[in-house]
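First up is the structure itself, then whatever we jot down about it.
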Amino acid sequence: MLPSDLIKFKEKSHKIIALTAWDSISGSIIEQANVDMVLVGDSLAMVCLGYQSTLPLTLENIIYHTNAVSRGFKNKVEEHPLVVSDMPFLTYQCGEDKAVEYAGKIIQNTNAKAVKVEGADPEIQKVISRLIRMGIPVMGHLGLTPQSYLNLGLKKQGESLESQEKIKNEASILEKLGCFAIVLEHIPDLLAKEIQSTLKIPTIGIGAGNFCDGQVRVTADLLGLNDDQPPFCQPIIKGKELFKDKLKEWVESERLN
C-alpha cells in the first residue's frame with residue numbers, strides 16, 4: 001500500500017484503521033488484524049524501551065524497530081499495510097538539510113513508505129515542504145503533539161477559539177504543502193469534524209472523536225499493556241493483568257513439579 005491509497009480511501013468513504021507496532025511480534029499480530037496502516041510511532045520509547053516520554057528516542061531506534069516490525073509481516077509484499085515511521089525528536093527540528101538526511105535514512109534503510117512529522121510552525125512547514133519535494137511522503141500531526149509536551153503539556157488541545165482557528169489554519173497549510181494525511185490528536189470532536197469536511201486529504205483521529213476519516217491507536221493501550229491509559233483510549237482487554245496472572249500460575253505450577 002502507498003500513501004496515495006489513503007486519499008483514495010477517503011474519496012470512497014473507506015474508514016482507515018491504523019495501529020502502532022514496535023517489534024516483529026506486534027507487527028505480525030497487527031498485520032493479521034487487517035489494518036490499513038502500521039505506524040512505528042515514537043510511543044515505542046515508552047511502550048518498549050521504558051522511557052517516560054518520547055523525547056529520548058533516536059533515529060537509530062526508529063530504523064531498528066521499523067525493520068523489526070516489517071520482519072513480522074507474513075503476507076506478500078503487495079498485501080502489506082502502509083508502514084509509516086515517526087521522525088524522532090530533533091531529527092526534523094534541526095533544519096531542512098538535516099531533516100532530509102534523517103528522513104532519507106528511514107526511507108532508504110526500512111520498508112517505511114512515509115514519515116510522520118509533528119506540528120506546523122513556520123520552521124516545520126519549510127521542513128515538510130522540502131521533504132515532500134525530495135520525494136519523501138509526509139503525514140502531518142496536529143493537536144496534542146507529544147514531542148512538544150514540555151511546552152504544551154499532554155492536555156487536550158483546541159479548547160479555545162483562538163487555538164481552534166490555529167489548528168484549522170495549520171491543517172489547511174499542511175494539505176497545501178502536500179501532506180497525504182494528518183493525524184489529529186486529542187482535540188474536540190466538532191473541531192475534528194470541521195477539519196475533516198474541509199480537507200481533501202484524510203484525517204486520522206486519536207482522541208478526536210468519530211468524525212475523522214480514520215482512527216489510529218497505540219496498540220499497547222488498546223491491549224491494556226500499560227499502567228497508565230490515555231483518557232481517550234479504553235483497553236479492550238486487561239492484557240497486562242491477564243498475562244501476569246497466567247505466567248504467575250505457570251511459575252507456581254512448575255515449582256510444584
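Scanning region 210-257 for residues that are within 22 Å of ILE30 (Cβ to Cβ), part of a loop (DSSP other than H, G, I, E, B) and among the hydrophobic types (A, V, I, L, M, F, W, C) yields CYS212, VAL218, LEU223, LEU225, PHE232, CYS233, ILE236, ILE237.
Table: residues versus (1) hydrophobic (A, V, I, L, M, F, W, C); (2) under 29 Å from ASN210 (Cα atoms).
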{"position": "SER13", "(1), (2)": "no, yes"}
{"position": "SER24", "(1), (2)": "no, no"}
{"position": "GLN32", "(1), (2)": "no, yes"}
{"position": "LEU44", "(1), (2)": "yes, yes"}
{"position": "PRO56", "(1), (2)": "no, no"}
{"position": "GLU60", "(1), (2)": "no, no"}
{"position": "ARG71", "(1), (2)": "no, no"}
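When we screen LEU55, LEU44 for residues that are surrounded by fewer than 17 Cβ atoms within 10 Å (Cβ to Cβ) and among the aliphatic types (A, V, I, L, M), the only hit is LEU55.
Within region 113-122, can one find any residue that is more than 22 Å from ILE167 (Cα to Cα), at pLDDT 95 or above and either assigned to a loop (DSSP other than H, G, I, E, B) or not hydrophobic (A, V, I, L, M, F, W, C) (or both)? Looking through region 113-122, at least one residue is more than 22 Å from ILE167 (Cα to Cα), at pLDDT 95 or above and either assigned to a loop (DSSP other than H, G, I, E, B) or not hydrophobic (A, V, I, L, M, F, W, C) (or both).
Of the set (1) surrounded by 20 or more Cβ atoms within 10 Å (Cβ to Cβ); (2) without any contact (Cβ under 8 Å) to a residue 40 or more places away in the chain; (3) of a type in the set (Val, Ile, Thr), all apply to THR198 but (1).
Within region 121-135, residues that are closer than 11 Å to GLN93 by Cα reach partners that are in a helix (DSSP H, G or I) and of a type outside the set (A, V, I, L, M) with beta carbons closer than 7 Å, at six or more positions or on different chains, in the pairs LYS126/GLU96; VAL127/GLU96. For region 67-88, the criterion of being among the hydrophobic types (A, V, I, L, M, F, W, C) and modelled with pLDDT under 95 is met by at least one residue.
Of all the criteria given as (1) of a type in the set (Gly, Ala, Ser); (2) free of Cβ contacts under 8 Å to residues at least 12 places away in the same chain; (3) under 19 Å from CYS48 (Cβ atoms), the one not satisfied by GLY72 is (2).
Note on region 149-162: residues that are closer than 17 Å to VAL183 by Cα and either surrounded by 16 or more Cβ atoms within 10 Å (Cβ to Cβ) or of a type in the set (Asp, Glu) (or both) amount to 3.
Here is a check on your reading of the model: is LYS126 surrounded by fewer than 20 Cβ atoms within 10 Å (Cβ to Cβ) and under 21 Å from ILE30 (Cα atoms)?
Details: surrounded by fewer than 20 Cβ atoms within 10 Å (Cβ to Cβ): yes; under 21 Å from ILE30 (Cα atoms): no.
When the stated conditions are applied, LYS126 does not pass them.
Filtered by the rule that a residue be surrounded by 20 or more Cβ atoms within 10 Å (Cβ to Cβ) and not in a helix (DSSP H, G or I), region 61-84 gives PHE73, PRO81, LEU82, VAL83, VAL84. For the residues LYS116, LYS105, the requirement of being touching a helix residue (DSSP H, G or I) at 6+ places or on another chain (Cβ under 7 Å) and of a type outside the set (Ser, Thr, Tyr) singles out LYS105.
If you go through region 100-144 and keep only what is of a type in the set (D, E, K, R) and more than 16 Å from VAL83 (Cβ to Cβ), you end up with GLU101, GLU118, ASP121, GLU123, LYS126, ARG130, ARG133. Restricting attention to region 142-191 and to residues that are within 17 Å of the chain's Cα centre (by Cα), hydrophobic (A, V, I, L, M, F, W, C) and not in a loop (DSSP other than H, G, I, E, B), the residue that is nearest to LEU2 (Cα to Cα) turns out to be ALA181.
The values are calculated or read from the model by the stated rules, or taken from the named source; none is laboratory data. Note that the structure is predicted; figures quoted are calculated from it, not measured. Positions of Cβ are generated from backbone atoms using ideal geometry, with glycine treated the same way; all protein chains shown enter the neighbour counts.
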